[in-house]
Structures are given as C-alpha cells and as structure tokens.
Amino acid sequence: MFEQTDIPEFLRGKRPEAGNATTHAETIDSPLEMLVSVRARGGEEVAFSRAAAAHAGTLSDWIEVTGGHGAFPAPVVAVAALRLIAAVCEEKTTGPGDGGVCSLTECSLMELAEVVTGANFLAARAAAERASLEFDRRLNGKSLGEMREALGVAADLSEAEVAAALAEPSFMPPGSACAAKMVVGADDGPPAAQRSLSSAMSENALEEALSEVQVKTLLRLKGVSTAWRTRARRELCARFCGRGGQRASQPHAQLDEITDLDVEALQSVGPKYSQGLGVHFAPGTGDVVSAGRLLPGLARLHGWGFAVDVAAVRALDLSEDGPPPGEELHSLQTFPRLRGCVVAQSDERAQGDEGAPPLELLLLAAACAASGHVCGVPVQALREDASLTELDLSERNMFRLGRLDNVSARLLAKLLLGNASLTELKIVSNRIGSEGTTAIAAALTSNAVLTALHLSGNRIGAEGAIAIAEALKLNTTLTDLAIVGCEVGDVGALAITRALQTNKVLTSLVVGDDPWNNDCISAEVARQLAATVLASPSLEAFNGLPLKELRAATLTEVSTDGAELADCLVLAGLAKANEAVLTSLALNNDPDFSPGIGPLGAEAIAEVITASPRLTRLDVDDNPIRDAGASAIAEALKGNPALTELSMAIGTRIGPPGAAAIAEALKVNTVLRKLDLDGPFNPFGPSGVAAIAEALKVNAGLT
C-alpha cells in the first residue's frame, strides 16, 4: 500500500529486524503499521501517522472500528488538501514543521476552501481552524471590491443595501425582514471567468471557514453580496446570541427569536469606519442599545461571568439609583437596585469588586433596558424616541436630577452609539472629567448624526481635550464644538489645534481658559491656534467671532464676550488680510468667567486699529491689558483717523506708565471724542492722572 518514500522521514528506518518475534502491540510500532492510508478524490492515497489521525475525529473513529486496515475513503477531499490536513494534524503531535501552516499561507482561497471542506469531512478541527484563520488573513483589511474578486462573486446589492448591511446591528439574524433569503446552490452570480468559492464548498464547510474569522471581517462580508451577507449574519448571530455567553448551537432566524445577548463579546466589536462608502459600521456597544429597542424577546444579557435579567431592569425605577455623591466609581454601592437584577453565572469568570458585577455591565444594562432617567441621563428617550433631536443637560436644567458626572457621561456615551436622531447635545457646567469626556469622544468616532456638542464648564483637562481632538480626526458630522473653561491647558489646546489641521467639517469652535485655571493656554500655543483657525477651510465661527462674514468683509460691527489672546490674533490676521470695513469692536469681559485678552491681546488689537481706517468705536472693558497693552493701543491711536470712542474702563489695570502713554496719544489724536478710563482697578496713580489732565488741555475735542 505504501512505498518507503510515503513514510515521513522521522519514521523511516524503524522497521523491526527480521526474525524478531513480536506481538500485535509491538508490531504496531513498526513504521508501516504506524501509518493509516486515506484515499483522496481521484484515488490517490495519503499517509497519516496514527498520532496525526487521532486529531481527525472521523478517521480516528474508523481506525477504532477497523484497526486502520485498508484505506479510508475521502471522496470529497482533493489530494493536495489532504496532504495539508495531514501535515497540520502531524504538527499537533510533533510541533511545527515545514509542511503545515507554512504551506497554508501559500494556498489560494480556493485551495483553502478545499482544506476546510476536507477538514470538515474528517472532523480535523485543528486543520479547519488553521485554514479558517488563514481565510481571515486573506480577507482582513480588503475593500469590498477586493473581497468580491477573491471570493469570485459579483455585486448584487445596491449601494443603499450595502450601506444598510454595514450599519445594521452585529446580531442581525440571517432571516430578518431586511435580509434577502439565500437559495443554497444559487449563490451570488459570480463572474463567468472565475469559479465562485461557495460553489466549491458545502454550506457546512463555509460555516466552518467562517468560524475563526474576525468579527471586523465578518462585518465587511455583509456588504459583499446577498449570500455572503446571510452567511456573515448567521455566524455573527451564533457568536453573540447564545445562552450563558456560549455560541448558539442553532442560530436564530428572526429578531423576535433572540432571547440572550453576550454584551461582553459585543462590546469588543470596536467602531469600524468605511471611508470608501462613507458609512460607519455599527459598533458593539451601540448594538447593545439597539437590542433594547429591536429585540422584544430579549430576556438576558451576559458578560464577565454574570447574567442580567432584562425584564427586571425594565420594571425598576432607577431615577435615584447610581453612585452616591463622593463615592468611587467602582464602589460596591454603585447602582444598588440595578445590581439586584444581576446574578453570577460562573464563580471563575465573575469579575468585579469582591465578586460584584463590573460597572461596565451595569451601564450596558441601563443603556439597553432601563426606563426614565439614570444618573441624570434620559436613557429611555435616547434609546427609543426617534423624534428627539436636541437635548440640554446643562447644570441649569438639572436642578432636580443633579449634575452629570463621569458615570453619567459613560452612560450617555453608550446611548450616543445607539442613537440615530440626536443632533444637538449640551452638557455645560456639570462635573464631567477626563474619564467621562474620553467615553463621549469615543462615541463621536462612530456617531454619524450629532452635529453640536457643548462641553464648556466641565473639568475635562488635557486628557479629555486630547480624546476630543482624536475624535475630530475621524468624525465627519460634528460642526459645532464648545469646550471653553475646561482646563485644557497648553497640551489640550495644542491637540485641538492639530486636529483642526485635518478636520474639514467643523464650522464653529469655542475653546479657551477660565480665570481660575493655573494651567492657562500660553502665548505660543495661542498663536498656533490662531494661525490654524485662520487657515481652516471650514471654520465659520471661532469663540463667537463670525469668521465667514469677516473674511467676506460684510460685517461692520463685532461684539463678543470673554475674548482671549487667540481671538485677538485672529482679528488682527483678518484685519490685515481683508478689506477693512469694521467700524465697531466690543471685546467686553467678565473676569469671573474669562481671563480676558491680556497685554498681548491688546497688542494684537492695536494692529486691528492700525489696519481698520473705518473703526470708530473700541471697547475693551474689564480686560486686564495693563500698561503694555494700554501703551500699544495708545501708539495705534496716534495714526488712526477714525476712532471716536474708546473704552478701557473698570478692570483694565492700567498703571502710571500706561496712563502716560495714553496721555501722549491724546496730544496727537484729534479725532477721539469719547474716552472712558473709569473704574476701581485702574491704578493710574497721581502721576498718571496728572499726565492725562495735561493732555486734555491740548486735546479739546474729548468729552
């Protein structure tokens, strides 16, 4: 049956010596009797060692019945595939060699299909897994067109159907209403010149081939063709909708048949984005939210060794549930009522504080099934109300529910991933820190409907600003962002600046310091921010400045509160680059909310005065411009032919040197008619007052 050349090299030369008496147990160790013959399609035979055959269940069973005599028939397996299967099974016994995995990497997809078919026939699980992993490697990262070419199928889905397939929840069953039924054997209408992969494999073999394929590859396969969409759906549904977090033995056909959902596995499905199609893949966390809306029979959520009773969660009033004020996020007291709906499935897998369910599971349960408000967040409305387009959860509107914190923000972020209607979200002046902001930023990378996000007055810090900046590089819908007074500092402001260099959709940005922050934005970073704002092709408003109108020279009056250095630099850049039509500029400031323009900002405003021959009114009240800023404005006054009103009152903190500079300008400027320097925080001193009094003797036009 075998030639010596058919015997693996490591077995050659081990035949018992002639004349030695041996029992059956002893002769079984001879090289030839240690081999089993498998007859491939076409009649050629391939040798398996008995150790390798033990890793092919069907073959192993046959040996047990027949003793391995004769040749095991494998009429559906090509000889080349059979050799590869034998090599992989051998590796399971002896360790990696030269003919197994290495050879699989050199196979075509069609040849891999043969291996999967053969491994499925022989119940050679290891070979099937290796081939499936190689199958995934060939498709991973490919465009839909490249996938179709590799699989030998034609596109039979419209662009709208492809977009819908890629955006649908990961757990969508193959027989859902929006799925076209697959006719086994009809396949996808492959190009005539190429044989379809699925025509060479049974549906069982195809399922085996997909068993080790990564979720992100399966998600893309949904957009390849009708048939491959059905296959990918079947595999994904089996992975995510089994009981106890196990794979479903019989995948569900319809949405109303799904009773269990593995939220831990779903959450691992990260946000995926298809630049070629301009659509987002549904991320797993958003799928958990969608499940609460789409699955009427959903009974249990599984994850981290726990199970959540969905019906019990829906029946609870969680409006006052959540972490007590001042408690750590992972405290055992977090969500006490919600925790009562959770039971441990496995002591070995149960993770959390002293065996308690992790906060992540509790938040997913609330996002999926809770009613009313949880931690100040209207979970049910965000999950189910398709008419909800604007939501204001700012401090002034939260007097009954309490201010939002990091836990609230994490819950809100999960709901944003499953929401398809909300366009405007305001969460101003809450207690959201970097952790909560990072969660919201992650949601922005996948949410494709939100256009306005106002986070001002939260302590998001540099870390939160960096997360928002990274989201801006991917998000294609957010046009309005406000993060003023968020303690972003230089690091955070620089991250936002760099994001603006690639973001082409943001039209309005509000970013700046608060007066109590020790880590203020430095002059150098403010200059970089201003330069980037001026160069942005999409920004139409910056910190309240109407950039679009100023660029078009259609605006004559500008009034803004809380201006800072970057704002002044932008104004100066626009004044010098465009036709100067500005007649009135008011930069009022409230020192309780903004540090103001400062001396360097006043120097930039002096450039605006010089470049604006029609400017008749300037107001910089309550901005601490000090002596350097006052001196710069005073110097610009000497050459301005139009300014008639100037207010530098209250908190400008001008001392004797600044007052002296203003006095010198008044002696030259004969146009100014109204000057306001009043206020308790302008310490002119006797010499400053005397200098201005002397100038008034020369300038008779001032009132």
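Conditions (1) among the polar types (S, T, N, Q); (2) at pLDDT 95 or above; (3) surrounded by 15 or more Cβ atoms within 10 Å (Cβ to Cβ), marked per residue:
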{"residue": "GLU9", "(1), (2), (3)": "no, no, no"}
{"residue": "GLY13", "(1), (2), (3)": "no, no, no"}
{"residue": "ALA18", "(1), (2), (3)": "no, no, no"}
{"residue": "THR23", "(1), (2), (3)": "yes, no, no"}
{"residue": "ASP29", "(1), (2), (3)": "no, no, no"}
{"residue": "VAL38", "(1), (2), (3)": "no, yes, yes"}
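Among the residues of region 293-305, those that are outside any loop (DSSP other than H, G, I, E, B) and open to solvent by 10 Å² or more (accessible area, probe 1.4 Å) comprise ARG293, LEU294, ARG300.
Which of the residues belonging to region 503-518 are out of contact with any helix residue (DSSP H, G or I) (no Cβ under 8 Å at 6 or more places or on another chain) and either buried (at least 20 other Cβ atoms within 10 Å of the Cβ) or free of Cβ contacts under 8 Å to residues at least 60 places away in the same chain (or both)?
First pass over region 503-518, keeping only residues out of contact with any helix residue (DSSP H, G or I) (no Cβ under 8 Å at 6 or more places or on another chain): 504-505, 507-508, 510, 513-516, 518.
Selection gives LYS504, VAL505, THR507, SER508, VAL510, ASP513, TRP516, ASN518.
Of all residues in region 519-551 being basic (Lys, Arg) and touching a helix residue (DSSP H, G or I) at 6+ places or on another chain (Cβ under 9 Å), which is least open to solvent (accessible area, probe 1.4 Å)? Among residues in region 519-551 that are basic (Lys, Arg) and touching a helix residue (DSSP H, G or I) at 6+ places or on another chain (Cβ under 9 Å), the one least open to solvent (accessible area, probe 1.4 Å) is ARG551.
What tally of residues in region 40-53 results from selecting those that are closer than 12 Å to ALA71 by Cα and either crowded, with 21+ Cβ neighbours inside 10 Å or without any contact (Cβ under 8 Å) to a residue 24 or more places away in the chain (or both)? Number satisfying all stated conditions: 5. Out of all the residues in region 221-232, is one or more open to solvent by less than 10 Å² (accessible area, probe 1.4 Å), under 19 Å from LEU298 (Cβ atoms), of a type outside the set (A, V, I, L, M) and in a helix (DSSP H, G or I)? Checked against the condition, which is being open to solvent by less than 10 Å² (accessible area, probe 1.4 Å), under 19 Å from LEU298 (Cβ atoms), of a type outside the set (A, V, I, L, M) and in a helix (DSSP H, G or I), region 221-232 yields no hits at all.
Looking only at region 253-265, which residues are farther than 12 Å from GLU360 by Cβ and aliphatic (A, V, I, L, M)? Hits for region 253-265 are ALA253, LEU255, ILE258, LEU261, ALA265.
Of all residues in region 55-73, none that is touching a residue at least 40 places away in the same chain (Cβ under 8 Å) and on the phi > 0 side of the Ramachandran plot has its Cβ atom under 8 Å from the Cβ atom of a residue that is open to solvent by 40 Å² or more (accessible area, probe 1.4 Å) and assigned to a helix (DSSP H, G or I), 6 or more apart or on another chain. Of all residues in region 664-691, exactly one satisfies the criterion of being closer than 21 Å to GLY598 by Cα, among the aliphatic types (A, V, I, L, M) and either touching a residue at least 40 places away in the same chain (Cβ under 8 Å) or in a helix (DSSP H, G or I) (or both), namely ALA665. Which residues, counting only those in region 666-703, are closer than 14 Å to ARG653 by Cα and small (Gly, Ala, Ser)? Those that are closer than 14 Å to ARG653 by Cα and small (Gly, Ala, Ser): GLY679, GLY685, GLY688. The residues listed here are ALA630, ALA634, ALA577; of these, the one that is hydrophobic (A, V, I, L, M, F, W, C) and under 44 Å from the mean Cα position of the chain (by Cα) is ALA577. Here are some conditions: (1) closer than 23 Å to ASP321 by Cβ; (2) open to solvent by 10 Å² or more (accessible area, probe 1.4 Å); (3) in contact with a Leu (Cβ under 8 Å, 6 or more places away or on another chain). ARG403 meets all but one. Which one does it not meet? All conditions are met except number (3).
With respect to ASP98, is the statement that it is at pLDDT below 85, of a type in the set (Asp, Glu) and within 45 Å of the chain's Cα centre (by Cα) true? Before the answer, list the steps.
On the way: at pLDDT below 85: yes; of a type in the set (Asp, Glu): yes; within 45 Å of the chain's Cα centre (by Cα): yes.
Considered against the rule, which asks whether it is at pLDDT below 85, of a type in the set (Asp, Glu) and within 45 Å of the chain's Cα centre (by Cα), ASP98 comes out as yes.
Scanning region 591-627 for residues that are closer than 17 Å to ALA659 by Cβ and more than 44 Å from the chain's Cα centre (by Cα) returns ARG626, ASP627. Filter region 639-663 down to residues that are open to solvent by 10 Å² or more (accessible area, probe 1.4 Å) and in a strand (DSSP E or B) and give me whichever is nearest to ALA691 (Cα to Cα). Looking at residues that are open to solvent by 10 Å² or more (accessible area, probe 1.4 Å) and in a strand (DSSP E or B), I get SER647.
Do we have HIS69 as open to solvent by 30 Å² or more (accessible area, probe 1.4 Å), under 17 Å from ALA119 (Cα atoms) and either assigned to a loop (DSSP other than H, G, I, E, B) or modelled with pLDDT under 80 (or both) here? Working first, answer last.
Numbers: open to solvent by 30 Å² or more (accessible area, probe 1.4 Å): yes; under 17 Å from ALA119 (Cα atoms): no; either assigned to a loop (DSSP other than H, G, I, E, B) or modelled with pLDDT under 80 (or both): yes.
In short, no.
The listed residues are GLY562, GLY489, and the only one of them that is touching a residue at least 60 places away in the same chain (Cβ under 8 Å) and not aliphatic (A, V, I, L, M) turns out to be GLY562.
Taking region 73-84 as the range and being open to solvent by less than 20 Å² (accessible area, probe 1.4 Å) and touching a strand residue (DSSP E or B) at 6+ places or on another chain (Cβ under 9 Å) as the test, the residues that pass are ALA74, VAL77, LEU82.
Please go through region 663-703 and pick out each residue that is touching a strand residue (DSSP E or B) at 6+ places or on another chain (Cβ under 8 Å) and modelled with pLDDT of 90 or more.
Matches in region 663-703: LEU666, LEU672, ARG673, LYS674, LEU675, ASP676.
With respect to (1) touching a strand residue (DSSP E or B) at 6+ places or on another chain (Cβ under 9 Å); (2) modelled with pLDDT under 90, the lone exception for ALA113 is condition (1).
Collect the residues in region 483-502 that are closer than 19 Å to PRO591 by Cα, assigned to a loop (DSSP other than H, G, I, E, B) and open to solvent by 40 Å² or more (accessible area, probe 1.4 Å), keeping them in residue-number order.
Here is the first cut: in region 483-502, the residues closer than 19 Å to PRO591 by Cα are 483-489.
Cutting the leftovers down to assigned to a loop (DSSP other than H, G, I, E, B) gives us 485-488.
The one that is closer than 19 Å to PRO591 by Cα, assigned to a loop (DSSP other than H, G, I, E, B) and open to solvent by 40 Å² or more (accessible area, probe 1.4 Å): GLU487.
Checked against the criterion of being open to solvent by 30 Å² or more (accessible area, probe 1.4 Å), modelled with pLDDT of 90 or more and not aliphatic (A, V, I, L, M), region 267-286 has no qualifying residue. Within the bounds of region 191-203, is there any residue that is of a type in the set (A, V, I, L, M, F, W, C), part of a helix (DSSP H, G or I), open to solvent by 10 Å² or more (accessible area, probe 1.4 Å) and modelled with pLDDT of 80 or more? Scanning region 191-203, I find no residue that is of a type in the set (A, V, I, L, M, F, W, C), part of a helix (DSSP H, G or I), open to solvent by 10 Å² or more (accessible area, probe 1.4 Å) and modelled with pLDDT of 80 or more, so the answer is no. With respect to the conditions (1) touching a strand residue (DSSP E or B) at 6+ places or on another chain (Cβ under 9 Å); (2) free of Cβ contacts under 8 Å to residues at least 60 places away in the same chain; (3) not hydrophobic (A, V, I, L, M, F, W, C), SER429 lacks only one, and its number is (1). On the given criteria, is THR437 among the β-branched types (Val, Ile, Thr), under 22 Å from the mean Cα position of the chain (by Cα) and open to solvent by 30 Å² or more (accessible area, probe 1.4 Å)? Answer is no for this residue. Among the conditions (1) without any contact (Cβ under 8 Å) to a residue 60 or more places away in the chain; (2) of a type outside the set (Gly, Ala, Ser); (3) surrounded by 20 or more Cβ atoms within 10 Å (Cβ to Cβ); (4) not in a helix (DSSP H, G or I), the only one that PRO173 does not satisfy is (1).
The values are calculated or read from the model by the stated rules, or taken from the named source; none is laboratory data. As the structure is a computational prediction, the values presented were derived from the model and not from experiment. Counting neighbours? That spans all protein chains shown, and the Cβs are built from the backbone with ideal geometry, glycine included. The area values use the complete protein model at the heavy-atom level, side chains included, leaving out ligands, DNA and RNA. Shrake-Rupley method; radii C 1.70, N 1.55, O 1.52, S 1.80 Å.
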